[in-house]
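**Q** Take a look at the following structure, please.
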Amino acid sequence: ALMDDRAAARKAATAAEKMAGSLADPVLKIEVLAGIGGLFGDKQDGIGDPKKAQELLAAAEELAGGDAVTDRFRAQALAAVAMGYANADLADRAEAVVGRLEGLIETLDQRPKVEALAAAANVRAKRGEGEKSAALLESAATTARAIEGSANRAYALLAVGNAMKSAGDKEAAAAIAAEAEQAATKIGDPEQQKDAIQQARTLQTTLKTMP
């Protein structure tokens, strides 16, 4: 049955790779390639083809460092690549890319800075580096709380809450999700307010059902 599952996963991943080639948005393209790369490399729950994983992730990494990605989104792109390498068990490459990501953090505006800190924390947690992950998340939460605009503060807090959930810290994530909802209620734009509140409540619901 496992062989069948892997064959099906390979077929789906190959189709997704073809689809990625037609994407105009470079960051989305990187996220798709890195996601598929992680799936190809994952020996336990994925396809277990490290050569193909390396090929896809190297392509994603090259794109992430290139001119097609603006500085505003470079951290997001690098985060996707680092997570792909971590999922594919390519530890050295994950470390190199997360190092580049962490090097960018101080140059960013507040919201992308929070998103980058949360993403770096996710990769550190995936690699079993709990203390490093917790320190990055603490820094992300502090930065998020200091953001002036309600919308940017709410979305930044959501990024931190989701990263805390991924790291398995349910209590901290629930507290941050409540803060995000509070910030979301102060957003002036009705559509954006509705979206942010919805995301905060979804996170709170997910946390309640977590083991």
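The values are calculated or read from the model by the stated rules, or taken from the named source; none is laboratory data. Please read these numbers as outputs of a predicted model, since none were measured by experiment. Neighbour counts run over all protein chains shown; Cβ positions are idealised from the backbone, glycine included. Note: accessible area is taken over every heavy atom of the protein model, side chains too, but ligands, DNA and RNA are not part of it. Shrake-Rupley method; radii C 1.70, N 1.55, O 1.52, S 1.80 Å.
**Q** Answer yes or no as to whether residue 130 is under 27 Å from residue 200 (Cα atoms), at pLDDT 90 or above and open to solvent by 40 Å² or more (accessible area, probe 1.4 Å). It would help to see each step written out before you state the result.
**A** Values: under 27 Å from residue 200 (Cα atoms): yes; at pLDDT 90 or above: yes; open to solvent by 40 Å² or more (accessible area, probe 1.4 Å): yes.
When the stated conditions are applied, residue 130 passes them.
**Q** To continue, here is another question. Would you point out which residue out of 103, 168 is of a type outside the set (Asp, Glu) and either surrounded by 24 or more Cβ atoms within 10 Å (Cβ to Cβ) or over 24 Å from residue 202 (Cα atoms) (or both)? First the steps, then the outcome.
**A** On the way: 168 fails: either surrounded by 24 or more Cβ atoms within 10 Å (Cβ to Cβ) or over 24 Å from residue 202 (Cα atoms) (or both).
None of the others qualify; the one that does is 103.
**Q** Which ones in segment 15-39 are more than 20 Å from residue 4 (Cβ to Cβ), open to solvent by 30 Å² or more (accessible area, probe 1.4 Å), of a type in the set (Gly, Ala, Ser) and free of Cβ contacts under 8 Å to residues at least 24 places away in the same chain?
**A** Correct list: 21, 22, 24.
**Q** Also, quick follow-up: Residue 36 is checked against (1) in contact with an Asp or Glu (Cβ under 6 Å, 6 or more places away or on another chain); (2) closer than 19 Å to residue 101 by Cβ; (3) of a type in the set (A, V, I, L, M, F, W, C) and fails just one. What number does that condition carry?
**A** Unmet for residue 36, out of (1) in contact with an Asp or Glu (Cβ under 6 Å, 6 or more places away or on another chain); (2) closer than 19 Å to residue 101 by Cβ; (3) of a type in the set (A, V, I, L, M, F, W, C): (2).
**Q** Across segment 142-152, what is the total count of residues that are over 13 Å from residue 188 (Cβ atoms) and within 18 Å of the chain's Cα centre (by Cα)?
**A** Total meeting the criteria: 2.
**Q** Another question, then. Those residues that are open to solvent by less than 50 Å² (accessible area, probe 1.4 Å) and out of contact with any helix residue (DSSP H, G or I) (no Cβ under 8 Å at 6 or more places or on another chain), I need them from segment 140-165; list them, please.
**A** 149
**Q** Checking residue 179 against (1) in contact with a Gly (Cβ under 9 Å, 6 or more places away or on another chain); (2) more than 26 Å from residue 106 (Cα to Cα); (3) not hydrophobic (A, V, I, L, M, F, W, C): exactly one of these is not met. Which one?
**A** (2)
**Q** Take segment 40-56 and flag every residue that is in a helix (DSSP H, G or I) and open to solvent by 30 Å² or more (accessible area, probe 1.4 Å).
**A** Within segment 40-56, the first condition is being in a helix (DSSP H, G or I), and the residues that meet it are 40-41, 50-56.
Across segment 40-56, the qualifying residues are 50, 51, 52, 54, 55.
**Q** (1) modelled with pLDDT of 95 or more; (2) farther than 29 Å from residue 64 by Cβ: which one isn't true of residue 208, the others all being true?
**A** Residue 208 satisfies all of (1) modelled with pLDDT of 95 or more; (2) farther than 29 Å from residue 64 by Cβ except (1).
**Q** Let me ask something else. Among the helices (runs of 4 or more DSSP H) confined wholly to segment 83-185, which include 1 or more residues that are free of Cβ contacts under 8 Å to residues at least 24 places away in the same chain?
**A** Numbers: elements: 91-104, 110-126, 130-145, 150-166, 170-184.
In segment 83-185, 91-104, 130-145, 170-184 are the helices (runs of 4 or more DSSP H) which contain 1 or more residues that are free of Cβ contacts under 8 Å to residues at least 24 places away in the same chain.
**Q** Within the group 77, 59, which residue is surrounded by 23 or more Cβ atoms within 10 Å (Cβ to Cβ) and either at pLDDT 95 or above or not basic (Lys, Arg) (or both)?
**A** On the way: 59 fails: surrounded by 23 or more Cβ atoms within 10 Å (Cβ to Cβ).
On inspection, the qualifying residue turns out to be 77.
**Q** Another question, if that's okay. Take the residues in segment 1-14 that are of a type in the set (A, V, I, L, M, F, W, C) and farther than 20 Å from residue 58 by Cβ, then tell me which one is most open to solvent (accessible area, probe 1.4 Å).
**A** Kept after step one, since they are of a type in the set (A, V, I, L, M, F, W, C), are these residues of segment 1-14: 1-3, 7-9, 12-13.
Retained after the next criterion (residues that are farther than 20 Å from residue 58 by Cβ): 1-3, 7-9, 12.
Working: 1: 104, 2: 108, 3: 148, 7: 61, 8: 59, 9: 26, 12: 61 Å².
Checking each candidate, the answer is 3.
**Q** Within segment 101-124, is even one residue over 15 Å from the mean Cα position of the chain (by Cα) and within 28 Å of residue 50 (Cβ to Cβ)? Explain how you work it out, then say what you get.
**A** Step one: of segment 101-124, the residues over 15 Å from the mean Cα position of the chain (by Cα) are 103-104, 106-110.
Okay, now just the ones that are also within 28 Å of residue 50 (Cβ to Cβ), so 103-104.
Looking for residues that are over 15 Å from the mean Cα position of the chain (by Cα) and within 28 Å of residue 50 (Cβ to Cβ), one finds at least one in segment 101-124, hence yes.
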